[in-house]
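Throughout, read-outs are computed from the coordinates displayed, never taken from laboratory work. Keep in mind it's a predicted model, so treat the numbers as computed, not measured. Every residue, glycine as well, gets a Cβ built from its backbone with ideal geometry; the counts of neighbours run over all protein chains shown.
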């Protein structure tokens, strides 16, 4: 075949090369725009948090009558006696060396503080996002397919109600009922944190953490799964009227098969972007859940940092959060063509 | 082709339910098994350690005693380190801690402390006068090491260890603070090689355990998650420690703390709001402690902020430089109502600057100086002083400025917010229009720095030695130039007050010092710049089935958390019956969890079936 049609093969090679080139250009374009966004975030972060009211040194001496000399010493220690441009320059140079500086409040490197708490947040928010996405997509597909029927109304009704519930309130309610114990109901789950302080051994630790995760994950899933449900539902509705589904039905496929094999895969596309975007926000999005369940994650750290304001900590975390959103966006951009041939074309 | 699809699709059809089934299985594991783990741990508890779990919520920066100014870390450090002296919880008198006794030379400039014999650091090394000399000298010489306690050694000339048990401190001017040095003494052998005193010294790559000489040793800490303290076995006081461990668990939400106390996850909570106290009073096995506190709450009035050189700072209302107006404001405020409405009765209406809890220094105005709630008198005062009432109900000062004032209140403290709201009404009654700004504490600090306020809320915890809280209203605590660092909390300046301050700090005669401090309080009271409204109680609760015997400070009637000493945690005893009471809820929890899992399982099954039949119908 190849021998008989060399020209066709050459054409195929050429178009293959062209495709690679196009792909490379596409990837490079995305990467450059991601870098530009990162730079913008770096600059914004520095100035944004300096607009916050409050003097970090003043906040950190608030509990004790401390002398002006001691206050001045702290200012020097934190480099706050330097002119703003000097502080900005130092910050930029440090960031380029992947050094986020030292936290004023905790007197430890910001990167270390983030690393210490990152996995707690990823565990909590990651688990919740995955469960919420699967639950939401599944229920959304059913809802969209049976648009207007009772299943749809109940589904969207429940989801939207939970979506509208304040996270804090729902979390406290769950704590009161399932952790504090209400009436005849005993206390079943821990009220706070990620694990006991004295659990020994691998399996008990895993189980202990899982036990601690039940209420916060339930809270987070309950509040966020609606967005997956609604997106999946509406994009399935968009697909529903399409001719290819008519063709599939005309082929004699069962209704459930038409949904699963034809409608859902197409409807998934817009949802992918959403999932990736949410994965990026996972670290930042769990702040309320972390607060109500005293989960030792990044959300709480950020909150504490803002109250001071602990400038190196909050600008470092801002940079980190933003970088993860930008990175996930970039990944979504890169994965999209793989999923959708139209984008590739 | 359709057949193919069907054969592929059937397994796919099972994917989601199977996933859900495995999630359920995981959930069962998550809910069920830890209950068993917990149960077996409880069983082992018979021989294991006794533990006291305390819920905390405040921020801390570090445990480093040289730098941390926070209430929580300084409180916990009192369990880890000793000062030279401490206070008897029953009599409030200064008693020995690391120092057994001490004397002052005839010229009142050399203090000699005799360090107790046979004391050990928690790592077994002996505690000597050299450790104390090292601690003070470091604070005098290293700028970073002076951040928390530098003001206490300001007047020190030389600190020497004469021998292992004799410490000599030479001072430039006589000062009473020598009996009240609240400086944690650190072990020289651990800290001597330290380059950066802003950090904790590390041994074998870890800062923990933190070596100290107090009743507990801090062995483990995860930033604002939990901290574990272990009893110091070699501790010398007879009263304790009686618990093997104290664990601090951080809560980001007060209501969650209360649930944790109800559930028995924690044994002690502090810093409760009045409504929370009322709710907890009904609970079994929970005791509320309404301890007389060492804190005052109030506000200051901008007296016309100036630098030490007399340069005006900020934009305080010009009429507020008039003492009559400031006093009239105080006549309008109903302190009894504040105590009732803002503090739910868990406070004492305040007059003098030093709270009632310190009976010696507490000052009460006599009938001539007393400013009681009397709006009519306030109106009469303002009428007489030429503040005429305008048509809009707002008075105008003799210089023609309408009395429209700003009031800055900490939005994060509901008690202060309620007080502020009432003050707006009360001041409106005497023709003063107050605009409440309920803002972030950070912004309060900024307004105060800039002198851009009229009324601004504040409050301080007072130590047995009143000097530190008296100091923050001296003239030279104001900045030298606008925008410079200040430690003044009020922009107050009064030469007589400053004179009295200098006298009292050098007055070794206790009775005479009490008189001087009383005079200072009278000046603060009548000038009505620094206005104290209430002494707030310390609201705490603990589980009576877990812990008993905690000695309050002052004893009786005082607080358990945040004491000047370490008495409550030193004397706290485990309640022996507690294991039994702990096991049964755990078993109940197991049953409850099993029921929940079964219900969820049934629900899922029904859902699947229903979905399947619906699909089949089509």
FRET E, pair residue A:266, residue A:130, Förster distance 30 Å, beta-carbon r, rounded to 0.05: 0.85
Of all DSSP beta bridges in the protein assembly as shown, antiparallel share, percent nearest 5: 80 percent
Distance from the stretch B:379-429 to the stretch A:192-247 (C-alpha centre basis), Å: 54 Å
Among A:312, A:53, A:296, residue whose mean-square fluctuation peaks in a GNM of chain A (springs only between Cα atoms under 10 Å): A:53
Rounded tilt (10° steps) of A:110-121 against the dominant C-alpha axis of chain A: 50 degrees
Calculated Rg and Dmax of chain B using C-alpha coordinates, Å: 29.9, 110
Scattering curve values for chain A, log₁₀ I(q)/I(0), Debye with Cα scatterers, q = 0.11, 0.13 Å⁻¹: -0.95, -1.15
Linear extension gain, residue A:85 paired with residue A:173, 0.36 nm per residue minus alpha-carbon span: 26.9 nm
Nearest 10 degrees, 0 to 90: helix A:68-77 Cα axis against chain A principal axis: 40 degrees
Equivalent-ellipsoid semi-axes of the stretch A:239-345, from the Cα gyration tensor, Å, largest first: 43, 17, 7
Computed FRET value (nearest 0.05) for residue A:240 with residue A:327, which takes r as the C-beta separation and R₀ as 45 Å: 0.85
0 to 90° range, to nearest 10: angle between helix B:323-332 axis and chain B longest Cα axis: 40 degrees
Residue A:250-residue A:19 FRET efficiency (beta carbon distance; Förster radius 35 Å; 0.05 resolution): 0.55
Label-point separation, residue B:544 to residue B:204 (7 Å along Cα→Cβ), nm: 4.5 nm
Volume of the Cα convex hull of the stretch B:453-514, divided per residue and given in Å³: 108 Å³
Approximate spin-label separation residue B:374-residue B:499, in nm, with each point projected 7 Å along Cα-to-Cβ: 3.0 nm
Whole-angstrom gap from the stretch B:153-223 to the stretch B:81-113, using each part's C-alpha centre: 16 Å
For the stretch B:79-189, alpha-carbon Rg over 2.2 N^0.38 Å: 1.01
Scattering curve values for the protein assembly as shown, log₁₀ I(q)/I(0), Debye with Cα scatterers, q = 0.05, 0.07 Å⁻¹: -0.38, -0.71
Three-way shape call for the stretch A:123-166 based on the alpha-carbon gyration tensor, with the a/c threshold at 1.5: oblate
Gained length - residue B:366 relative to residue B:435, 0.36 nm times residue gap less alpha-carbon distance: 21.5 nm
Fully extended contour minus Cα-Cα distance, from residue B:95 to residue B:116, at 0.36 nm per residue: 6.3 nm
Semi-axis lengths, Å, the stretch B:436-486, gyration tensor of Cα atoms, sqrt of 5 times eigenvalues: 21, 17, 8
Rounded to 5, percent antiparallel among DSSP beta bridges of the stretch B:336-447: 30 percent
Relative contact order (%) - criterion: Cα under 8 Å, at least six apart; region: chain B: 19 percent
Alpha-carbon gyration tensor eigenvalues x 5, square-rooted, for the stretch B:391-534, Å: 30, 17, 16
Ascending count of other beta-carbon atoms within 10 Å, so fewest first, for B:249, B:425: B:425, B:249
Simple spin-label estimate for residue B:391 and residue A:93 in nanometres, 7 Å along Cα-Cβ: 6.6 nm
